[in-house]
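Visitor: Here it is: the structure, laid out below.
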Amino acid sequence: MSNNLKTALVLASIALATYAGIIAKYWLLNG
Amino acid sequence: MSAVVDSHGHPADEHGQHDQHGAHHGPYGGIMRWITTTNHKDIGTMYLWFSFMMFLVGGTMALVIRAELFQPGMQLVDPDFFNQMNTMHGLIMVFGAIMPAFVGFANWQIPMMIGAPDMAFARLNNWSFWLLPFAASLLVISFFTPGGAPGVGWTLYAPLTVQMGIGMDLTIFAVHLLGMSSILGSINIITTILNMRAPSMGLMRMPLFVWTWLITAYLLLATMPVLAGAVTMTLTDRHFGTTFFNAVGGGDPVLYQHLFWFFGHPEVYIIALPAFGVVSTVIPAFSRKPLFGYTSMVYATFGIAFLSFIVWAHHMYTVGMPVEGQLFFMYATTLIAVPTGVKVFNWVATMWKGSLTFETPMLFAIGFLFLFTLGGFTGLVLSMVPIDIQLHDTYYVVAHFHYVMVAGALFAAFAGVYFWLPKWTGRMYDERLGQIHFWLTMIFFNVTFFVQHFLGLAGMPRRIPDYPLMFETWNRISSIGAFGFGVSQLLFLYIILKAIRHGEKAPRKPWEGAVTLDWTRLPTPAPYHSFETPPVL
């Protein structure tokens, strides 16, 4: 796996985790 | 901006590097070039033209608003359409015009400034751009749906958004596409800067424009998903029975405001930081001096980015929050003046005792410096809780953020276009017309927006199509200024087209104070493929 791909995957996972985390926090944890 | 074709016959640069091989794999011809291109210069060009078109669309909406406000009473549009104009003007200008303009600069300049052959993910770069026209189309199409476009303001506040027609769904989908484009673009920019710099170009040797974009890309990556999450929750509230923002089901409309502004305030710096980067490139070039305090500029950019995450609730002082909360957000907001002050001081110190000349890019950079600082000061005024409670949602706020967004970001974008146009096209713009464009823009901008401070201080609320007679004079002046400002931008279009078609051939380095790799190591215009072999610094 190239360095570029590794960097991109780390960054993309941060974005995805933030997106899902925001919704999950107020959905599953009810605020 | 589309004059870069290939590099037939370009000589090796002054360091003897043969890194222009466009003749072997130049672009397709016709429309396929633009649809299929993976070249950072082509994609940068598309971003810039797209942003200018959106600027004209959003500007036309602003003129509808200002025409209605020319005198009290309802003249031209009904209140609902007025609200739709306000909403779409904001969304289109922020997401369609200003942000793509700076992504255009990033695409063109970052690889050339760090000695990289292209962006790290060239196909992803193409996709990031081509998401934008679809998102813009959704926003425009929303006007033709039952109920029209959403009239909720660019902030898309709940619970209004839960009540809007199908136009709201199109807008939510558009915001998702715009967010996806920004996130993919950010991943590309960060990866390019971290992994593809020329050997021996350490982080602290990067041009400040590159630094500001690196930090901006992290801001985008951290905040865009929050906005996407908030509008997704709006969507599920509308159609899937959730009540995130609906008090009837135990939800909280204020939660939306928290989520939006957690994105929205860093968004201000997502727009401002690349503008700082452009100005930090232009001012040293026309002062013929290195940028004063480079290291402190880098740390000030970090400081602004960090603080932008802990000040969001200064947009919400009036929702009812504990006084401790108000105090925290007030002090944190005031603190932003420190790193911003460092930057303003450094720009002025760069000019101090420099061999200054005042070509159009420098005029716009100085205009930026003067007016952005003014916008910063009114921001400080608004950060004060007792004052903000009086001025909240008045025209004072409108004046403030237009000094930041227009005089800040737009002036810097103009400075950047005039500065890099010779590098992009190989042609010079008409300097006399450029200067006329600057002065018309400068004068009409202030005629439009300075008087709005008075309207706000007198208590005129924003987002209303009608107003009491006492506000008429300043509104008339503001509307006249807006139309003058709008017409002045057609001159900009003429200047650019004239330069591309009939401009004088640009010398290799028209700005003697320019020191970045794009000017010192590449011919003008920049070849279609550059730095296929990393430059030796």
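Just so it is clear, none of the values below were taken in a lab; they were calculated from the coordinates. As the structure is a prediction and not an experimental result, all values here were calculated from the model. Cβ sites come from the backbone with ideal geometry, for glycine too, and all protein chains shown count toward neighbours.
Visitor: Pull out the extension gain between residue B:160 and residue B:75, defined as 0.36 nm times the separation in residues minus the alpha carbon to alpha carbon distance; nm, one decimal.
Guide: 28.0 nm
Visitor: I've got another one for you. Send over the per residue convex hull volume for segment B:190-258, Cα only, as a whole number of Å³.
Guide: 99
Visitor: Further, regarding this structure: For residue B:353, list the lysines whose Cα falls under 22 Å from its own Cα; do not include residues on the same chain fewer than 8 positions away.
Guide: Straight-line reach from residue B:353, under 22 Å: B:289, B:343.
Visitor: Roughly how far apart, in whole Å, are the Cα centres of segment B:101-164 and segment B:256-271?
Guide: Rounded to whole Å, the Cα centres lie 16 Å apart.
Visitor: Next up: When N counts the residues of segment B:437-490, how does its alpha-carbon radius of gyration compare numerically with 2.2 N^0.38 Å, as a ratio?
Guide: Segment B:437-490 yields a ratio of 1.18.
Visitor: While we're on this one: Consider a paramagnetic label point 7 Å from the Cα of residue B:494 along Cα→Cβ; state which residues of segment B:398-441 have an amide N under 16 Å from it.
Guide: Answer for this model: B:429-441.
Visitor: Given the Cα-Cα distance of residue B:469 and residue B:240 and 0.36 nm per residue of separation, how much length would full extension add, in nm?
Guide: Gain on stretching residue B:469 to residue B:240: 77.9 nm.
Visitor: Using only C-alpha atoms and all pairs of different ones, pull out the Kirkwood radius for the protein assembly as shown in Å with one decimal.
Guide: Every distinct Cα pair counted, the radius reaches 24.3 Å.
Visitor: In addition: What is the Rg over Rh value, at two decimals, for segment B:414-467, using alpha-carbon atoms and the Kirkwood definition of Rh?
Guide: Ratio value, two decimals: 1.26.
Visitor: Another question, if that's okay. What whole-number value in cubic angstrom gives the convex hull volume per residue for the C-alpha atoms of segment B:121-230?
Guide: Residue-normalised Cα hull volume stands at 102 Å³.
Visitor: Starting from the Cα-Cα distance between residue B:144 and residue B:381, subtract it from 0.36 nm times their residue separation and give me the gain in nm to one decimal.
Guide: This chain segment gains 81.3 nm when fully extended.
Visitor: For segment B:24-158, what size does the Cα cloud have along each of its three principal axes, sorted from largest down, in whole Å?
Guide: Reported extents, whole Å, longest axis first: 64, 31, 29.
Visitor: For segment B:265-410, what is the Kirkwood estimate of the hydrodynamic radius, computed as the reciprocal of the mean inverse distance between distinct Cα atoms, to one decimal in Å?
Guide: 15.9
Visitor: So how far apart, in nm, are the two label points at residue B:446 and residue B:502 if each is 7 Å from Cα heading toward Cβ?
Guide: Those two pseudo-labels are separated by 3.3 nm.
Visitor: If you don't mind, another one. For the pair residue B:295 and residue B:255, what calculated FRET efficiency results from E = 1/(1 + (r/R0)^6), where r is the Cβ-Cβ distance and R0 = 35 Å, to the nearest 0.05?
Guide: It comes out at approximately 0.30.
Visitor: Could you tell me what % of all Cα pairs in chain B have separations over 45 Å?
Guide: Tail fraction, whole percent: 12.
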